[in-house]
Amino acid sequence: MTAPQLSVRSAKARDLAHELSRRERRPIHAIVEDALAEYARRHPKESAAAFLRRTRAIDAGDDAGAAEIEAALAEVQAALDEHRKPHGGIDL
């Protein structure tokens, strides 16, 4: 049975993994698993809605910046609405 493989196209990442493997006398897969687990712990999955709420809460302290951002978003939305055309559906 073949084992799962992960291909990394970074020489720097490969060299670092091999160096850590030699230094800690552990297999490379254990080094990579520990690094990825630590990364996942530090960067928990966040939904898009939660991200937007968090960034808006940060901007709430800066009323001038928030107003500027809202104006820019409204301008972009207006431009999109202006060029939006409904699809007529498929011809049967």
Quiz item: When the chain is modelled as a GNM with alpha-carbon springs shorter than 10 Å, which of 52, 80, 36 fluctuates the most?
Solution: 80
Quiz item: Which one of 86, 16, 72 is farthest out on the positive end of the charge dipole of the chain, using unit charges on Cβ (Lys, Arg +1; Asp, Glu -1) and the Cα centre as origin?
Solution: 16
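Hey, any idea what the orientation-averaged projected area of the convex hull of the chain's Cα atoms comes to, in nm²?
Values: hull surface 57.2 nm².
Here the figure is 14.3 nm², rounded to one decimal.
Taking 0.36 nm per residue of sequence separation and subtracting the Cα-Cα distance, how much length would be gained by fully extending the chain between residue 9 and residue 91, in nm to one decimal? Can you show the working numbers first?
Working: separation 82, 0.36 × 82 = 29.52 nm, distance 4.62 nm.
My answer for the length gained is 24.9 nm.
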Quiz item: Say R0 is 22 Å: what FRET efficiency, to the nearest 0.05, do residue 79 and residue 43 get from their beta-carbon distance?
Solution: 0.05
Exercise. Quickly work out the residue 2-to-residue 18 label distance, labels modelled 7 Å from Cα along the C-beta direction, and quote it in nm with one decimal.
Key: 2.3 nm
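A short reminder: the numbers here are calculations on the coordinates, not readings from a lab. Everything numeric here is computed off the predicted structure, so don't read it as measured data. Counting neighbours? That spans all protein chains shown, and the Cβs are built from the backbone with ideal geometry, glycine included.
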